[in-house]
Amino acid sequence: MLDLGRLRALHAIAVHGSVAGAATALGYTPSAVSQQITKLERETRTILLERQGRGVVLTDEARHLVGAAQELLAIVERAETTLEERRGTPTGRLTIAAFPSAARGLLPGVLAALTQRHPDLDARLTEVDPHLSIDLVAKGMTDLAVAHDWDIAPLPAPEGVEQAFLGEDLCDLLVPEGHPLAAGRRAVQADLVGERWICQPPGTVCHDWLVRTLRASGHEPDLVHQAEENHTQLALVAAGLGVAMIPRLGRGALPPGVVAVRLDPLPRRRLYALWRTGAARRPAITTTVGMLREHCARTV
């Protein structure tokens, strides 16, 4: 009989593309994941992974087994959901993926409240880019995701994934003290022509939104500095090296030398919780989504 834990390890490698990625997602060491695969190969008398450069690729037999593993994991999830629903209280492990500013500005309060009110629930957080987190939910690698989208870049929810609107996060134009726009503290998109921009790297939701928004207003943005962390962007603005557009959630107090300017129309992003349809009745999901809404209303 195939071991479910070993199938879960193989499935995680397929989803994350590497043994190291699977280990991080499962909370194991890479060595432990490799041992699980070795045992599964012995059980199935099949080679499941092949070396390719510094990484590994799944064999055809492994890809077939991954499909079966996903079906089995979905059955187990439904069984666990039914049991938790019958108990009527949140229990067991709940894995949550959230984008960085939500992980910093929203989730600490939610996780603390969950721990206090529901001690039998083991909620665990991982910081992940929004589009990646949705894929992890769809593939069963995380239970719940907190993601966001913008009006010109709607959030795609794949089949089998449900979502709930949590609230809106407003966004300000941040400029160095002494900048011409700092005095009036208000601006329109036409005022942004010729600015030197500090933003997130390409491929991130916020980077794509900024570029598309500025291009829609009729000019090509000059992206001079790129940094993933909002605090790094703020430091660059404070040094007078450019301007940035940063949402308020998780931003914290502005450092000296940085002024917030209200842009008209005011940019805003929508916040969502997403989970698999098969787990929709699970008390851990419904309770956490309700608490996210509650904290979001107070935070953003």
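A few points about this structure:
- Rg over Rh [alpha-carbon atoms, Kirkwood Rh] for the chain: 1.04
- Along principal axes, Cα extents of the range 227-300, largest first, whole Å: 51, 25, 18
- Rounded to the nearest whole Hz, the Karplus-based 3J(HN,Hα) values (6.51 cos²θ - 1.76 cosθ + 1.60, θ = phi - 60°) of the range 214-222 follow the sequence 5, 5, 5, 8, x, 9, 8, x, 9, with x at glycine and proline.
- Shape class of the range 1-123 from the Cα gyration tensor (axes a ≥ b ≥ c, square roots of the eigenvalues): oblate, since a/c reaches 1.5 or more and a/b does not exceed b/c.
- Gyration tensor (alpha-carbon) shape descriptor, the range 138-263, a/c threshold 1.5: prolate
- Computed from the C-beta positions of T44 and R293 and an R0 of 30 Å, the FRET efficiency is 0.10 to the nearest 0.05.
- Between V76 and V193, the C-beta separation translates, for a Förster distance of 51 Å, into a calculated FRET efficiency of about 0.35.
- Accessible area (Å², per residue) of the range 2-133, counting only protein heavy atoms and a probe of 1.4 Å: 55
- Kirkwood Rh and Cα Rg combined as Rg/Rh, the range 169-218: 0.96
- Cα point-scatterer Debye curve for the range 93-197, base-10 log of I(q)/I(0) at q = 0.15, 0.16, 0.18 Å⁻¹: -0.77, -0.83, -0.93
- Rounded to 5, the percent of DSSP beta bridges in the range 165-277 classed as antiparallel: 60
- For the chain, calculated [θ]222 nm from helices alone, where every DSSP H run of n ≥ 4 adds -39500 (n - 2.57): -13500 deg cm²/dmol
- Translational diffusion of the range 29-87, µm² s⁻¹ [Kirkwood Rh, Cα pairs; Stokes-Einstein; 4 °C; 1.567 mPa s]: 97
- Relative to the Cα centre, the charge distribution of the range 221-278, modelled as +1 at Lys and Arg Cβ and -1 at Asp and Glu Cβ, gives a dipole magnitude of about 400 debye.
- Charge dipole magnitude, Cβ of K and R +1, D and E -1 - the range 8-81, Cα centre, debye nearest 20: 220
- The chain: relative contact order as a whole-number percent, Cα under 8 Å and 6+ apart: 23
- Each residue of the range 10-20 is assigned a 3J(HN,Hα), and the resulting list reads 5, 4, 5, 5, 4, 6, 9, x, 7, 5, 5 Hz, derived from the Karplus form 6.51 cos²θ - 1.76 cosθ + 1.60 (θ = phi - 60°), x at Gly and Pro.
- Computed 3J(HN,Hα) for the range 166-175, one whole-Hz value per residue from the Karplus formula 6.51 cos²θ - 1.76 cosθ + 1.60 where θ = phi - 60°, is 9, x, 10, 10, 7, 10, 10, 7, 10, 10, glycine and proline marked x.
The values are calculated or read from the model by the stated rules, or taken from the named source; none is laboratory data. Predicted, not measured: the structure shown is a model, and the values here were computed from it. Methodologically, a virtual Cβ is constructed for each residue, glycine included, from the backbone with ideal geometry; neighbour enumeration extends over all protein chains shown. Just so you know, the surface numbers come from the protein's heavy atoms only, side chains and all, with ligands and any DNA or RNA stripped out. Shrake-Rupley method; radii C 1.70, N 1.55, O 1.52, S 1.80 Å.
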